[in-house]
Amino acid sequence: MRRFALVLAVLPLLAACNSTRPLPTVREHGERAFNRGQYEKARADFAEYVERNPGEPEIRLLLAKSLLALGNPAEAAEHASAAFHLRPMNQDAVETYARALFESKQTTELDRFLRAQAESNGSSDAYLRWGRYLAKSGDADGAEHALLRGAALDGGRTIQPQLALAEFYRSIGDKKNELRRLRTALSFDTANDAVNARIRELGEIPGPSLALPPVDDQPMR
C-alpha cells in the first residue's frame with residue numbers, strides 16, 4: 001500500500017517533466033501565433049524559448065516584434081539589441097532595434113546607433129534610415145543632411161532616395177523641394193500612382209516630360 005502511494009505521488013512529477021515542450025514546438029507555436037496577430041500568445045512562446053535558449057537571434061527578434069506590437073518598446077529594445085549583436089549584418093534587426101529605441105524615446109542612443117551604422121556601413125540605405133529617424137525626432141537639418149548623403153551614395157540608381165527626400169520635404173512644408181524630388185522619382189517610374197497623385201495635388205500634370213534626372217543632391221532654397 002505504501003509503495004502504491006509513493007507511485008501516485010511520483011506520477012505528477014513525471015507528468016510535469018514530460019510536459020516541457022521541445023524547443024522546435026515552442027518556436028512553431030510562437031510563429032503561428034505571431035502570423036495570426038496573436039501577439040500575447042507569441043510573446044509568451046518566444047519568451048519561453050529565449051529563457052531556455054537565449055542565443056537564437058531570430059527568436060529574440062520575433063520576441064522584440066511581439067513586444068512592439070503589444071506596446072512595450074523598452075523591453076523590445078533589449079531583445080532587438082541582443083538580436084543585432086548576434087547578427088550585426090541583419091537589416092531587419094537594425095530596423096527593429098531603431099524602431100524600438102524611437103518608440104521608447106531613447107533618442108540619444110537611437111542617434112548614436114544609426115550614426116554608427118551609417119558611418120561604418122557607408123551605404124545609401126543606412127543614411128536614409130538615419131535621416132528618416134532624425135526627421136521623426138524633429139531634427140530637420142540633420143535629417144536633410146543624412147538623406148542627401150544617402151541619395152549621393154545611391155548615385156541615381158534607384159527611386160528610394162528620391163521618395164525619402166520627397167516625403168521629408170513634404171513633412172516640413174517645403175513644396176518646392178518636394179516637387180523636385182517627385183519629378184526626379186518620375187525618371188524611375190512614370191506610372192507610380194502615389195507619385196503622380198501627389199504631383200497633381202501640387203498643381204502639376206505628371207508625365208515623362210516633367211521628369212528630372214537625379215544629378216544634383218544639394219537642397220534648393
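The values are calculated or read from the model by the stated rules, or taken from the named source; none is laboratory data. Because the structure is predicted, anything quoted here is derived from the model rather than measured. Cβ coordinates were reconstructed from backbone atoms using ideal geometry, including for glycine residues, and neighbour counts include every protein chain displayed. Surface areas here come from the heavy atoms of the whole protein model, side chains and all, with no ligands, DNA or RNA. Shrake-Rupley method; radii C 1.70, N 1.55, O 1.52, S 1.80 Å.
Within the shell defined by Cβ-Cβ distances under 10 Å, the residues around Tyr169 carry a net charge of +1, with Lys and Arg each +1 and Asp and Glu each -1. Label positions at Glu201 and Glu31, each projected 7 Å from the Cα along the C-beta direction, are separated by 3.9 nm. All other residues whose Cβ lies under 10 angstrom from that of Arg87 are scored, Lys and Arg at +1 and Asp and Glu at -1, for a net of -1. Considering the values (1) 24.6, 96; (2) 22.0, 76; (3) 22.3, 83, which represents Rg and Dmax of the Cα atoms in Å as calculated for the structure under consideration? Correct label, based on the coordinates given: (1). Convex hull volume per residue, computed on the Cα atoms of region 160-221, equals 78 Å³.
Just add up the charged neighbours of Ala211: K/R +1, D/E -1, any other residue whose Cβ is under 14 Å from the Cβ of Ala211.
Local charge sum for Ala211: +1.
Extension gain, Asp193-Glu95: 0.36 nm per intervening residue step, less the Cα-Cα distance, totals 32.6 nm. When shorter helices are ignored and each DSSP H run of at least 4 residues is given -39500 (n - 2.57), the per-residue value for the chain at 222 nm works out to -23000 deg cm²/dmol. With protein chains left intact and a 1.4 Å probe, residues in the chain average 56 Å² of accessible area per residue.
Can you give the FRET efficiency to the nearest 0.05 for Ser171 and Leu70, using r as the Cβ-Cβ distance and R₀ = 45 Å?
So the FRET efficiency works out to roughly 0.95.
Using a 1.4 Å probe on the protein chains only, how many percent of the accessible area of the chain belongs to carbon and sulfur? Its accessible area is 53 percent carbon and sulfur atoms.
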